[in-house]
1. Compute the separation of the alpha-carbon centres of the range B:48-125 and the range A:218-232 and state it in Å as a whole number.
2. For a quick check: sort B:ASP215, A:ASP157 by the number of other beta carbons within 10 angstrom, fewest at the front.
3. Expected output is a single nm value to one decimal: the length gained when fully extending between A:LYS197 and A:TYR73, i.e. 0.36 nm times separation in residues minus the C-alpha distance. What is it?
4. I'd like the FRET efficiency for B:LYS180 and A:GLN221, computed as 1/(1 + (r/R0)^6) with the beta carbon distance as r and R0 of 51 Å, rounded to 0.05.
5. Where does each of A:ASP195, A:ASP45 land when they are ranked from fewest to most other beta-carbon atoms within 10 angstrom?
6. Give me, ordered by chain and number, the residues 5 or more places off B:PHE44 or on other chains with an amide H under 5 Å from its own placed amide H.
7. Just want the ordering: A:LEU194, A:LEU52, from fewest to most Cβ atoms lying within 10 Å of their own Cβ.
8. How high is the relative contact order of the range A:47-169, given as a whole-number percent (alpha carbon pairs under 8 Å, six or more residues apart)?
2 protein chains.
Amino acid sequence: MEMEMTVIENGKPVGKIKTLQTIQSEVESSNRIALSVDCVIFGFDENKLKVLLIRSDLKKYQGRYSLLGDLVYPNEDLDAAAYRVLKQRTGLSDLYLEQVQTFGATGRHPAGRVVTVAYCSLINVQHHKLKILENDLHWHDIKTVTELAFDHKEIFDACYARLQKRIQEHPLGFNLLPKKFSLRDLQNLYEAILDIKLDRRNFRKKFFSMDFLIDTGEMEQDVPHRPGKLYKFNYEKYEKKKKKWFGIDF
Amino acid sequence: MEMEMTVIENGKPVGKIKTLQTIQSEVESSNRIALSVDCVIFGFDENKLKVLLIRSDLKKYQGRYSLLGDLVYPNEDLDAAAYRVLKQRTGLSDLYLEQVQTFGATGRHPAGRVVTVAYCSLINVQHHKLKILENDLHWHDIKTVTELAFDHKEIFDACYARLQKRIQEHPLGFNLLPKKFSLRDLQNLYEAILDIKLDRRNFRKKFFSMDFLIDTGEMEQDVPHRPGKLYKFNYEKYEKKKKKWFGIDF
DNA sequence: TGAATAATGTGTTATTTTTACACATTAAAC
DNA sequence: GTTTAATGTGTAAAAATAACACATTATTCA
């Protein structure tokens, strides 16, 4: 934002000239807007993609669910606010987090003018120690997400679309899986996120060709069929190759 | 953002319980942050991709340029604020505009806490009637954009990266060209945006196969060589096909 | 204990997409 | 009318993607 400007049209100045004083007083007083972050937290459980929601207690939105969020503190970076919400809700601090979109329609919040920055987050449901019941938190199958409080359905849609896109460009999926996973797990995840069926052989070929999988030497346990190999994700290699990475297509 | 919540960890409530009253008072008083929009306005002229900048008059940023932006009015939608800035600066109202990212580091603005929502905009430099000189506005070759005021270089980089990506998925380029253009113009544009050389025959093949070009029957005038055909973009067809559109690769 | 089950693991071929590449044509400039 | 600097066009090689089947392995159940 430029702070001193003279807007001129047809040779004549229009609009006001803003000095540092002008804008400082604006910043300090009138033109202030409440700012929040909302997190769309994805998890993967029972071969289904889920989103973490909380029941809304507001009369206006009785029975509906909403995303997890909070107002941004005056001295807090945006990303820090999103991490704070995640930490508070999931107890996890090392999470995938990506800013997606900011929603600022004037009528979007009943408490007044609140602009919210939406974040997409991925967590491994087995790592977190959610007190689901006490917090009134729920893992919702994304296929059953219909109406949410506020404009949260719109926010959810934007984050889900972003996830679908991102996962075809970067191997984010590992953030949703346990440290060790089978190729079947991985494929189930991709199928759940993209909502399509994939050819097993081609899927394996593609992932092996990426060369980000480390064979742990271990096998699945307690499966009612031939157990598959367990792999882990080679984060170091991925970080190195990231710059040149142009994505995978399914 | 959920408004009534009890945060519980290890069975005990932590953090405050927010009621509608609580949050309403927060929204109305303490937790307010100034919000601005900043527009990265791209243009295409002399076969170069340009960005519209204004000279910063602040001592702190003397000699540097900054993006065009303004504070968001309390009763104004975010997108509306971005359109307002564009209209004010370019006189144009029918523009391509896309929200890109929100920048909210605490120390990013000297006047206090200002969070800014960055927009990427595309305009046809021949259509607009900028009073460049009077406004101290400048079209900058994107290759010469180095240091900008505030965190505007970071914002510019994000918007340019977004443009490079988007143009490979959707034919946005037409927003930067005159209504009638030659295939050479189109290719020059893509080469300028992506900063690569493209094979002429393959480029033509690709665009014809998309079937979004209408032959106007007219030819280039006053070129010192064999004139090329002039085409226009079939917006109607694109809008219809948009849903199924999965992008083009270069 | 062995037969049935339900998955894993593996390669090749056909199809599609992408890339590389050369020459005749046209209008303007000299 | 000769030179110049582009436009306009097709094909073949290479790479990527999609389609597809059977032997193997551990578990379950009779």
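Taken together, the values in this text are just the output of simple stated rules run on the coordinates, not laboratory data. Since the model is a prediction, treat every value here as computed from it, not as a measurement. All Cβ positions, even for glycine, are placed from backbone atoms using ideal geometry, and neighbour counts span all protein chains on display.
1. After rounding, the separation between the Cα centres reads 54 Å.
2. B:ASP215, A:ASP157
3. 40.3 nm is the gain from fully extending A:LYS197 to A:TYR73.
4. After rounding, the FRET efficiency stands at 0.15.
5. The order, fewest Cβ neighbours first, is A:ASP195, A:ASP45.
6. Distant-sequence amide H within range of B:PHE44: B:LYS50, B:VAL125.
7. Placing the least packed residue first, the sequence is A:LEU194, A:LEU52.
8. Value for the range A:47-169: 32 percent.
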